[in-house]
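As structure tokens, the structure follows; a few thoughts come after it.
What follows is calculated from the coordinates using simple rules that are stated; it is not laboratory data. If you're wondering where the values come from, they're calculated on a predicted model, not measured in any experiment. Cβ placement follows ideal geometry from the backbone for every residue including glycine, while neighbour counts extend to all protein chains displayed.
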């Protein structure tokens with residue numbers, strides 16, 4: 001008889017109260033305005049997503065960042081860059097940047113008659129004006145959105161730093177592109193001024209990198225493979241390059257006409273193309289759109305042939321300006337070709353060998369699990385382990401450390417474990433040599449969700465330090481006593497001082513460093529200060545554990561009491577649903 005598989009057996013159902021003591025508790029009897037403000041604030045603070053998980057690798061670190069944003073008065077008017085609002089705004093604004101750039105370039109080069117004549121103002125003028133107005137509103141909003149420093153993985157929420165950073169980077173380009181079109185739309189200037197103001201929208205070309213980053217994040221949200229993401233990004237860059245060069249090439253006759261610059265040679269390709277496609281005064285809107293599209297495709301074929309370096313004899317010109325522009329198009333095509341080759345080499349591992357080795361490891365493990373018919377839950381746990389441990393870059397840390405000198409190896413260990421030294425209380429107050437001796441003996445271990453780190457009857461005497469992650473202390477009955485997070489430790493103290501046997505279970509992917517019993521004795525013998533520190537920490541942990549045990553015992557005795565419901569947040573968060581009388 002087949003055994004029925006339990007659904008979501010690796011999902012932890014927490015028994016402890018989820019209320020953050022530092023967070024504000026909102027009553028269900030708040031007014032509609034207060035509830036709206038609470039929901040808006042929740043939308044503007046940090047949220048769980050791919051980017052935030054990269055910066056804050058544990059629930060405790062995530063909650064600390066959330067409290068830093070919500071509980072600080074100076075960050076009250078700042079939008080967190082990892083918030084749901086900021087991510088959605090980036091996607092919408094990136095789509096507007098791309099759409100407006102493509103449409104304005106096409107209209108400016110191939111709809112120039114209606115562009116410079118207000119009598120023939122079509123609906124696209126009003127639509128573009130409204131879209132540029134929205135982007136100007138986004139410029140104002142950018143002064144209140146925090147920014148990231150990827151090199152140090154730092155989130156900047158200080159308002160003065162945000163304003164300073166935006167003014168130094170993209171403000172001139174964002175404001176200049178939007179404001180120039182509104183001046184063009186509102187004021188009736190001469191043709192030359194109108195054309196110059198209109199073409200200032202090309203300042204948005206500097207935002208291509210931001211658009212590519214947001215597009216890549218969107219594909220990551222849908223779990224698209226890296227190879228497919230690279231193909232999509234290269235295709236996007238190729239389309240944008242060809243469109244921009246085509247519109248720039250088609251803009252030459254417009255400038256010649258507005259600034260009254262005659263062609264020096266009769267066999268100019270642009271002059272012949274312009275003469276072969278005359279615009280009649282009585283041409284309908286659809287006919288004009290169709291002819292402009294044909295003209296665009298004709299220019300695109302000319303640019304594409306020079307872009308890929310296979311220009312046919314049909315596209316000949318004697319104009320020096322046109323020859324110079326076509327030469328630059330050919331050079332740009334060669335640069336794009338080199339870029340594509342570099343990306344392909346990177347994809348196959350010639351450049352980024354560590355990423356390729358990680359992909360090879362994932363493929364090998366996937367085939368191994370498929371051959372042995374691993375269940376889907378177990379496969380997911382193995383993949384989560386690899387993703388956390390290697391961070392998509394495979395390398396042998398032990399080989400790197402063995403190749404260094406002893407002094408340099410100690411410096412690398414101290415710097416690599418700086419977060420552990422800052423988080424774990426036992427390291428505070430110790431000498432540099434004592435910390436170095438402990439760090440050299442630590443062994444890294446990574447546990448995924450619901451891994452049992454320490455069994456109730458397991459008394460090895462080892463100490464475990466939590467660098468990132470959240471674990472639960474559970475009794476044999478399965479009842480949770482407390483949670484331990486970043487900076488906490490467990491092991492010899494908990495197992496010898498607890499009145500009831502308990503086990504340690506990881507609630508999320510946790511990075512833990514283990515110090516074995518023999519190494520503890522060695523460190524205490526060489527450095528008596530470590531022994532004194534352990535004794536103090538043992539007394540503190542014993543008091544805290546007994547206090548939580550007594551609190552959990554009281555909760556079990558008063559499960560039906562209103563005070564217990566109030567303490568657990570069942571009343572304040574969920575409220576009382578009353579039936580309305582008709």
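Mind computing the radius of gyration and Dmax over the alpha-carbon atoms of the stretch 330-466? Å is fine for both.
21.0, 73
What are the extents of the Cα atoms of the stretch 136-280 along their three principal axes, listed from largest to smallest and rounded to whole Å?
60, 41, 25
Could you list 246, 45, 317 in order of exposure, starting from the residue whose Cβ has the fewest other Cβ atoms within 10 Å?
Ranked by crowding around the Cβ, least crowded first: 317, 45, 246.
When the chain is fully extended, how far beyond the present Cα-Cα distance does residue 74 get from residue 385, taking 0.36 nm per residue of separation?
108.2 nm
Determine one quarter of the surface area of the Cα convex hull of the stretch 26-224, which equals its mean projected area, and express it in nm² to one decimal.
Its average projected convex-hull area is 14.6 nm².
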